[in-house]
Amino acid sequence: MFSLNRYTRGHSREKKPHAPARPEFRNTSGLPDAFPAPVGTARTIRPTIASFLQMLAVLFAILALGPGCSREEDKAPPVTGPRSPAEESPATEQPATAILRVLCKPEFLPETLLAEFTALTGVAVIVANPSDHPDLAASGASFDLALVDSLSLSLLIDEGALTPIDPASIPNIVNISPLFSADPFDPDGVFSVPFLWGTFGIAFNRDVVTGPDIEWEILFDRTFSGKIDMPDDIRLIVEAALRDLGTFLGEADTDTLNLVADRLLEQRKIVRGYFQIPEIVDHLADNSTYISFLDGPSAFSAIEINPAVEYIVPASGTPLWLLVWVIPAGSENADAARRLIDFLLDPKRIAAVSNAAGVANTVGGSRPYLDAGLVQMPTIILSDDLLDRCRLPGPIDLETENFIMRLKDDFM
């Protein structure tokens, strides 16, 4: 855990080697004698794993196996007034009588919240870290609830890997801001509930890269030849080129896609390479790379090690990422899964998640409960004007999908 100084350039820390994999599960069934400070008053923000995108890929791989395997403050107000913990009866400690196994980064489920949930419901929550489960299918483990990248929804739905989520069973779903209430991959909200979101942008070394208005074109600037890292994800590479051309994936016509191909072929001559996210973080941290296209949580991991690194969301707008709750088809406790989703969509509780993890959430009414340092981060809590120029991930047509696959053959 570390303080809000993670978001300032004046904070530095000695670079540490990657930690070994930790035990598979974190069991919170034991209740503390007294709870810590009330939810929503956290003073620190815990780091997110540098390999954020890699985590999302692992989540997809796990859930795609099916049964047996186991927009932040929006301009429009929530549909109805947010429910608050103050409206509920005080939590009465009771022994755990059921178990809910959740596949999710531990940073996104603070222990204080899970203890409160157990006290209210008698359901003990066991959290499995996706990065600790590369052989989950072989282990035969199962999960009742999972937090996944919305990009994985289409395939999961098509393969019958998910159990429908009845919105009527989640009263607090009305607290989700209209901008995030309909995931483009699941517009009717049958299988998913939007929970957390964030940005992609440009991470760069401020000691080398100067100028007040850095935009997407810097990823293609020959001045920094050999010092530009790009992720080894063809969709993200295409997204970056499209932003330089002023559009987004899913909105580009054939002529624009052809320009993207030309742009990326030229960029290939000057980039240092196409790397996994942890490698990019290391390169930024040790100054061997000056510029990269990166997601916000990974960029902040580099900033913590190297205070010369800065992260921006260009004023022209950026693609967003979105994490959603889903219930796997093999869930043995779907009712408890729905109860936990509802519990977490309370404004104060989801604010506690944001404060702990340093990410934005989908409940507009949570802003009064966010830590001041988080609210003041313009690359996390976006202004309304900037948010208007950003886009959630969404489906693409067959022509665009084929274009991306052809590029993948060329680049990967």
Review point. Among the residues of segment 195-217, is any among the aromatic types (F, W, Y), more than 30 Å from F108 (Cβ to Cβ) and outside any strand (DSSP E or B)?
Key: no
Practice item. Identify, from the list L236, L249, the residue that is of a type in the set (A, V, I, L, M, F, W, C) and in a helix (DSSP H, G or I). Key: L236
Review point. Can you name every residue in segment 111-157 that is over 23 Å from the mean Cα position of the chain (by Cα) and at pLDDT below 95?
Key: A137, A138, S139, G140, A141
Check your understanding: How about segment 164-204: which of its residues are within 27 Å of S316 (Cβ to Cβ) and of a type in the set (S, T, N, Q)?
Key -> S177, S181, T199
Check your understanding: Can you find even one residue in segment 201-214 that is aromatic (F, W, Y) and either loosely packed, with under 15 Cβ neighbours inside 10 Å or touching a Leu at 6+ places or on another chain (Cβ under 7 Å) (or both)?
Key -> no
Practice item. Look at segment 84-110 and say how many of its residues are modelled with pLDDT under 50 and touching a Leu at 6+ places or on another chain (Cβ under 9 Å). Key: 3
Review point. Taking into account only those residues within segment 179-200 that are of a type in the set (A, V, I, L, M) and surrounded by fewer than 20 Cβ atoms within 10 Å (Cβ to Cβ), which is nearest to D286 (Cα to Cα)?
Key: A182
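The values are calculated or read from the model by the stated rules, or taken from the named source; none is laboratory data. These numbers come from a predicted model, not from an experiment. Here Cβ is always computed from backbone atoms with ideal geometry, including for glycine, and neighbour counts include all displayed protein chains.
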